[in-house]
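Undergrad: I have a structure here, written as structure tokens, and I will follow up with some questions on it.
The values are calculated or read from the model by the stated rules, or taken from the named source; none is laboratory data. What you see is a predicted model; the values in this text were computed from it and never measured. Note that each Cβ is placed from the backbone with ideal geometry, even for glycine, and that neighbours are counted across all protein chains shown.
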Amino acid sequence: MSDPDRRDPEAFLRQATQEGRGRLKIFLGAAPGVGKTYEMLTDGMQRLNSGVDVVVGVVETHGRKETEALLVGHELIQRRSVHHMGHQLGEMDIDAILERRPQLALVDELAHTNAAGSRHPKRYQDVEELLDAGIDVYSTVNIQHVESLNDVVASFTRIRVRETVPDSILEMAEIQVVDIPPDELIERLKDGKVYIPQEATRALSHFFSKSNLTALREMALRRAAQAVDAQMLDYVRAHALAGSFAAGERILVAINELPSAQGLVRAAKRLADALKAPWSAVHIETQRSLAFSQDEREQLADNMALASRLGATTATIPAPSVTDGLRHYVEDARATQIVIGKSVRSWWFEKRHGSIVDRLVREIGDVAVHVLPGEDSTQSKKAGGQSLAQGWGKPADYLWSSLMIVAMTVIGRVLVEVIALGNIALLYLIPVMFAAATFGLRAGLFSGLLSSLAYNFFFLPPTGTLTVNNPENVISILVLLGVAVVTSQFAARVRAQANLAQSSARQNAALAGFSRQLTASASREELMQAICAEVSRLLSVRTVLLLPSRDGPQLRAALPPEDRLDQIEKAAAQWAMDNEQPAGRGSSTLTASDWLFHPLRTTRGVLGVLGLAREDAGQPLRSDQIPLLMSLLDQASIAFDRMALEEEMLDARQIGERDRLRSALLSSVSHDLRTPLTTIISGMQELQRQHPSELVTAVYAEAQRLNRFVANLLDMARVEAGALPLKVEPTDLFDAVAGAVHDTRQSLQGHEVQVDILPDIPLVRVDPTLLHHCLINLLDNAGRYADPGTPVIVRGRRLPDGITLSVLDEGPGIPTGSEARVFDTFTRLEGSDRVKHGTGLGLAIVKGFAEAMGLTVSASNNQAPFGACFTITIPQSLIISQLPHEDIL
Amino acid sequence: MKVRHKVLIVDDEPHIRKLIHAALTRADYATVEAENAREALEKLKEERPDISLLDLGLPDRDGLELVPLFKQQSDTTLIIVSARDATDQKVAALDLGADDYLTKPFDTDELLARVRVALRNRMTKDGGVSMVRAGDVEIDLINRIVVKSGKEVHLTPKEYAVLAQLAKFPGRVITHEQIMAHVWPGEKEHHVEYLRVLVRTLRQKLEADPQRPRIIGNELGIGYRLRFNVEGETEEFATGSA
């Protein structure tokens, strides 16, 4: 995955330009008064307290007491005063900040427009200059000031703000949402805690309606999520992590509701594999899609599931026509090759509507189009028949149309005395247009035909017959029919668009409601219940939520409450978890299950699976519900992620607390064990001198041993607690070795210690105490295992890339194969029947201490004379070479 | 009548006080005991001890705070007696004016040796030492001459500065900072590595086996100590801190 060719150069560039540049953090709020400035100042104060050089560039407190209180302790940069149209204005003094060169500057209200005559017209440009100078900046902005959202916000708040911040600024910033619930904000507004300029009071009171605030809050949260996504994506691309896209080919396959589409999917997969390219499957949802039968929907869902299972990203795009949809998707996804099926429509249909293939090739430049033959035309005929039947509409439609025509005929008979005959024909336009607009094309044509017959029979001379004398009247009849056709076409199109718009509006509303529900959940359990309840409500299905556990998927929430799942369901859930793909009914895997399981994917892998089923054990999802489900799953995953992050933060605090306790415990144990030992050891020594005896000597030796064990246990506890505090200083290895040899003289009794270190061995940067303990343990170990009377050698050698310090003994050596294992906790050398005294901790401590200092340890056997050889390697980076000897001496 | 030197033992553990008391009595010293900081300061005033043995872990006050108080309020020679892992604390205590330190658990002979050294340094005071013998090396601090086995050894001025600093207080630990402040006076930032290089060249000139130094002893993470001859015998001190 680290193939450098796969790095996205643009993303890499974006990252690179950020190095050496200041970092921007934006406190994003939904509306004024949420406490952005407060949050920024609090955060800034924390940084100040942790030693960062922080100044306040500009902060608008608007006289809020609690905000003003937070300014105390901050260094404020004096504002530059500017005269503008008779007013005295204070603008941020960017030169003063640049000259002061803080590490971090707090700059309130990013969207602010500077007074005329300032260096930059906009404050965000000032901020960019600060960032360029390598100064970090904290700033605040409200969501309605974000350029791309400005219109949207204005459309529902009816207030357009002139001061906007480009999205590019937000994209390079870390975004922190300052969020309070709308009710609370309204409360604050009522309490006068929100600053509103006098002249804008009336306009703003509309702005602060609950519905507006809710929508704004939603937008702020979404924008922040989007920024996080984008930054994550940049990171992934810059580092070419798994799932990043290749700069080269990108395949798109167009899927329809026919079984033959599966062939296309497989072909696309093969192509993608061959080109090592990512691929997507897309279904373009046109008016036609609304008329799909249940079977067709299921087939479409199957096709999509297959694509997704084979590794494609899938999407359903609503569009006026297939070509339009594909064209847009190709542009968005930057696809380079398209796979589509050859149309199974008749040559006549293609003559009339034009072939999709032809239009695609014509309209989409620069893209290779693969056309594969379609099969299984019987399926399509059946489908065609069905959609025709639906188009005929209900009998009631025709009855209503007929009744209206009868009514018009009666009215016409009354009016025929007063108005001209030609105008009577206009009366019939009313039922025709009504029928066409309301009931569709066929009812409209029916009305047109019936109207012309009625007009002909009742009004055109000779009345009472269907013959037409005057050719002019033929035109009237044709007009009626023509109007019916045109009106019904327009009406049908409008209706279809309205249906689509309505369903997408419903979907958006559902999503918004869903994320609100999830945000409200305080605990993981509540969140899981909320997900089940909401998905169940929105898709009218039964839902279960399973999380992975050691005994397979575990049911954690369900609606309606469900206490058990069958073996087959569990298997499907497990599969979905393991493969990160949907499984169960309606997918392409383990379809015997009544449930359909979708994985909840997050940046940190699969969290769990959501199961869906219908009461009647039917297909859990229609294809048009899949996009909604996907969005719901995304939202649910984000909510889970958020909760996991919160828990992690809590954990981190708890770990800190635990470490503090542990070290307190260690030092108290150390004190409690050491104090009596000190008395015993010193006392035994004294006793040995005054009343020497073997018993006293033995007790003294044991007490020494106990002392060493305690020391080792404490050392090990320190190693395992991690993060050993190091006190690194330039160290002479002669000193280190001499000290260790001196301190182990008792355990090395009967062995001559030979120090063989080159006289000009350089100094090294280590923690002398830790190195001392390493050497003591190695020498102790040698003393335990070396054959009596044999020498123990400490050897120091300069290698091209470091220094090795070895302790060699003559003894049984290390059993072959356990060279690495000897450093494990509580491992003792086996393979020899001479079990030696020792805690089994010594070598583990050597390894732990050495690694904490950046050294490595290894064990091997020396051949002549045979024995164990333990080596500590000091890397080149820790060696002090090139000292100016002349200057020193 | 021989004057018995008085030693103040400050430790909160009665057993340790008892042990030190027994060892000191054996060597014919008079002892005074205190179990906390308050009592220690009182006894310091009343008893005017020659030597004070101070444990850093006291129940009522950080022993480190007592170090400057001891030096201000009396002319006692202060030896720190504390548990091992506290290298930082030892250096801090020495830099605050303590004269020596001893690590727990300690050998009572070692303790007595330290007390003897402290007393000798007390009698000669700063600069009072004119000639120090260490192994077969003689250091003449007045004429600034170093002789090894009867032959003069040529030292660079900086080498001599290091050696002289150690020889002024033979047997006592001198911290890196204390040495460097004399060798490189006026320099704000000191480089321990330079000192290490100087000590290495000194050892090559003075030691019989530079790989196993016996004259200039290293105190892990703290400083150096000169091992010197008393009445023909070399005082043997433990190296290292464990």
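Undergrad: Considering the stretch A:120-142 alone, what residues qualify as being small (Gly, Ala, Ser) and in a strand (DSSP E or B)? So that I can check it myself, show each step before the final result.
TA: Initial filter on the stretch A:120-142 (small (Gly, Ala, Ser)): A:133-134, A:139.
Selection gives A:SER139 alone.
Undergrad: Based on what the data block shows, is A:ALA389 part of a helix (DSSP H, G or I) and either modelled with pLDDT of 65 or more or exposed (fewer than 13 other Cβ atoms within 10 Å of the Cβ) (or both)? Spell out the reasoning first.
TA: On the way: part of a helix (DSSP H, G or I): yes; either modelled with pLDDT of 65 or more or exposed (fewer than 13 other Cβ atoms within 10 Å of the Cβ) (or both): yes.
Taking the combined requirement at face value, the residue satisfies it.
Undergrad: Within the stretch B:84-113, can you find the residues that are closer than 17 Å to B:GLY57 by Cα and among the hydrophobic types (A, V, I, L, M, F, W, C)? Walk me through it before giving the result.
TA: In the first step, residues of the stretch B:84-113 are kept if they are closer than 17 Å to B:GLY57 by Cα; the result is B:84-94, B:96, B:98, B:100-106.
B:ALA86, B:VAL91, B:ALA92, B:ALA93, B:LEU94, B:LEU96, B:ALA98, B:LEU102, B:PHE106 - these are the residues of the stretch B:84-113 that are closer than 17 Å to B:GLY57 by Cα and among the hydrophobic types (A, V, I, L, M, F, W, C).
Undergrad: Is it the case that the stretch B:13-21 has a residue that's more than 14 Å from chain A (Cβ to nearest Cβ), within 23 Å of B:ASP107 (Cβ to Cβ) and touching a helix residue (DSSP H, G or I) at 6+ places or on another chain (Cβ under 6 Å)? If you could, list the steps in order and put the result at the bottom.
TA: Going residue by residue through the stretch B:13-21, those that are more than 14 Å from chain A (Cβ to nearest Cβ) are none.
No, that holds for no residue.
Undergrad: Which of the residues spanning the stretch B:28-55 are farther than 16 Å from B:PRO14 by Cα and in a loop (DSSP other than H, G, I, E, B)?
TA: Hits for the stretch B:28-55 are B:ASP28, B:TYR29, B:ARG48, B:PRO49, B:ASP50.
Undergrad: Does the stretch A:49-66 include one or more residues that are among the charged types (D, E, K, R), modelled with pLDDT under 85 and part of a strand (DSSP E or B)?
TA: There is no residue in the stretch A:49-66 that is among the charged types (D, E, K, R), modelled with pLDDT under 85 and part of a strand (DSSP E or B).
Undergrad: Another question about this same structure. On the given criteria, is A:ARG266 outside the structural domain of A:PRO599 (by TED's automatic domain parsing), among the basic types (Lys, Arg) and modelled with pLDDT of 80 or more?
TA: Yes.
Undergrad: Then there is this: Might you check whether a residue that is modelled with pLDDT of 85 or more, within 24 Å of B:ARG214 (Cα to Cα), surrounded by fewer than 19 Cβ atoms within 10 Å (Cβ to Cβ) and more than 19 Å from the chain's Cα centre (by Cα) occurs anywhere in the stretch B:103-126?
TA: no
Undergrad: Read through the list (1) assigned to a helix (DSSP H, G or I); (2) buried (at least 19 other Cβ atoms within 10 Å of the Cβ), then give the number of the only condition that A:SER148 fails.
TA: Failing condition for A:SER148: (2).
Undergrad: A further question on this structure: Between A:THR744, A:THR731, which is modelled with pLDDT of 90 or more and hydroxyl-bearing (Ser, Thr, Tyr)?
TA: Only one candidate qualifies: A:THR731.
Undergrad: Can you pull out the residues in the stretch B:207-221 that are over 11 Å from the mean Cα position of the chain (by Cα) and within 11 Å of chain A (Cβ to nearest Cβ)? Working first, answer last.
TA: Of the stretch B:207-221, the ones over 11 Å from the mean Cα position of the chain (by Cα) are B:207-218, B:220-221.
If the condition is that a residue be over 11 Å from the mean Cα position of the chain (by Cα) and within 11 Å of chain A (Cβ to nearest Cβ), then B:GLU207, B:ASP209, B:PRO210, B:GLN211, B:ARG212, B:PRO213, B:ARG214, B:ILE216, B:GLY217, B:ASN218, B:LEU220, B:GLY221 are the ones that fit.
Undergrad: How many of the residues making up the stretch A:67-76 are in contact with a strand residue (DSSP E or B) (Cβ under 8 Å, 6 or more places away or on another chain) and either in a strand (DSSP E or B) or hydrophobic (A, V, I, L, M, F, W, C) (or both)?
TA: Initial filter on the stretch A:67-76 (in contact with a strand residue (DSSP E or B) (Cβ under 8 Å, 6 or more places away or on another chain)): A:71, A:74-76.
This time we only want the ones that are either in a strand (DSSP E or B) or hydrophobic (A, V, I, L, M, F, W, C) (or both), so: A:71, A:75-76.
Total satisfying the criteria: 3.
Undergrad: Let me ask something else. Among (1) farther than 30 Å from B:THR201 by Cβ; (2) among the charged types (D, E, K, R); (3) within 14 Å of another protein chain (Cβ to nearest Cβ), there is one condition B:ARG114 misses while meeting the rest; what is its number?
TA: Failed condition: (1).
Undergrad: Could we say that B:VAL137 is over 29 Å from A:PRO676 (Cα atoms), in contact with a strand residue (DSSP E or B) (Cβ under 6 Å, 6 or more places away or on another chain), in the same structural domain as B:ARG214 (by TED's automatic domain parsing) and in contact (Cβ under 8 Å) with a residue 60 or more places away in the chain here?
TA: On the way: over 29 Å from A:PRO676 (Cα atoms): yes; in contact with a strand residue (DSSP E or B) (Cβ under 6 Å, 6 or more places away or on another chain): yes; in the same structural domain as B:ARG214 (by TED's automatic domain parsing): yes; in contact (Cβ under 8 Å) with a residue 60 or more places away in the chain: yes.
In short, yes.
Undergrad: How many residues, within the stretch A:845-889, are within 14 Å of chain B (Cβ to nearest Cβ) and in a strand (DSSP E or B)?
TA: Residues meeting the conditions: 2.
Undergrad: If I filter the stretch A:789-802 down to residues being assigned to a loop (DSSP other than H, G, I, E, B) and more than 53 Å from the chain's Cα centre (by Cα), which single residue comes out as surrounded by the fewest Cβ atoms within 10 Å (Cβ to Cβ)? Give the derivation first.
TA: Step one: list which residues in the stretch A:789-802 are assigned to a loop (DSSP other than H, G, I, E, B), which gives A:789-791, A:800-801.
Cutting the leftovers down to more than 53 Å from the chain's Cα centre (by Cα) gives us A:789-791.
Details: A:GLY789: 9, A:THR790: 16, A:PRO791: 15.
Step by step, filter the stretch A:789-802, then rank; the result is A:GLY789.
Undergrad: Would you confirm whether or not the stretch B:159-175 contains a residue that is at pLDDT 90 or above, assigned to a helix (DSSP H, G or I) and either within 8 Å of another protein chain (Cβ to nearest Cβ) or surrounded by fewer than 15 Cβ atoms within 10 Å (Cβ to Cβ) (or both)?
TA: yes
Undergrad: For residues that are at pLDDT below 85 and touching a Lys or Arg at 6+ places or on another chain (Cβ under 7 Å), tally how many sit in the stretch A:590-606.
TA: 3
Undergrad: Of the residues in the stretch B:72-94, how many are assigned to a helix (DSSP H, G or I) and under 21 Å from B:HIS176 (Cα atoms)?
TA: Matching residues across the stretch B:72-94 total 8.
Undergrad: A follow-up question, please. Hey, could you check the stretch A:406-456 for residues that are of a type in the set (Phe, Trp, Tyr) and within 14 Å of A:THR487 (Cα to Cα) and say which is surrounded by the most Cβ atoms within 10 Å (Cβ to Cβ)?
TA: Only one residue fits best here, namely A:TYR428.
Undergrad: If a residue must be surrounded by fewer than 19 Cβ atoms within 10 Å (Cβ to Cβ), more than 9 Å from every other protein chain (Cβ to nearest Cβ) and out of contact with any His (no Cβ under 8 Å at 6 or more places or on another chain), how many such residues does the stretch A:763-787 contain?
TA: Number satisfying all stated conditions: 1.
Undergrad: Tally time: how many residues in the stretch A:530-566 are surrounded by 19 or more Cβ atoms within 10 Å (Cβ to Cβ) and more than 17 Å from A:LEU596 (Cα to Cα)?
TA: Result for the stretch A:530-566: 1.
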